[in-house]
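Report on the structure given below.
What follows draws every value from the coordinates through simple rules; no lab data is involved. Predicted model, so just to flag it, every value in this text is computed and none were measured. For neighbour counting, all protein chains shown are included, and Cβ atoms are generated from backbone atoms with ideal geometry for every residue, glycine included.
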């Protein structure tokens, strides 16, 4: 009986993840903590808005110039000062993807890496611009791939990121 309960809990979690990944409108993935002051909450929202603007800008440039289509999938939130953030991406074999990462900080301060469904590192170097990173991959296998983001050093202020991707 315990195993059935675990399977149901896992199925509910995966269902929630799938639903959360297919929203059409950008929202922050991390809820604003109740203890934030109005100024801190406003700064958080402004940081996420800047990151989202940068991610959409690079995704639009690739879409317009190379005929890619943007998925409605996205993630936006604050990167932890220590540790990392893992973002699941549902990718399909032999499609060509550009993962657009926008930030409200220096893109050199952020490390980004993509992983296969088997959680093996996909060797690719992100292209960087002011407030933007782009990772180009063509998966060999369909399934949930993963994007890992983390800060290279503890920042002086919170760092926000937004992620979307385009495909062909």
Mind checking the full-extension length gain between residue 120 and residue 154? Use 0.36 nm per residue of separation minus the Cα-Cα distance, one decimal, nm. 9.6 nm
Quick one: what does P(r) look like for region 36-167 with 10 Å bins over all Cα pairs, in whole %? 13, 45, 32, 9, 1
Roughly speaking, what is the centre-to-centre gap between region 33-103 and region 128-145 when only Cα atoms are used, to the nearest Å? 12 Å
Quick check on the exposure proxy: order 62, 99 from fewest to most C-beta atoms within 10 angstrom. 62, 99
For region 98-168, treating each Cα as an identical point scatterer without solvent, what Debye log10 I(q)/I(0) comes out at q = 0.18 1/Å? -0.69
Mean Cβ count within 10 Å, highest first, over the residues of peptides 44-52, 107-115, 88-96: 44-52, 107-115, 88-96
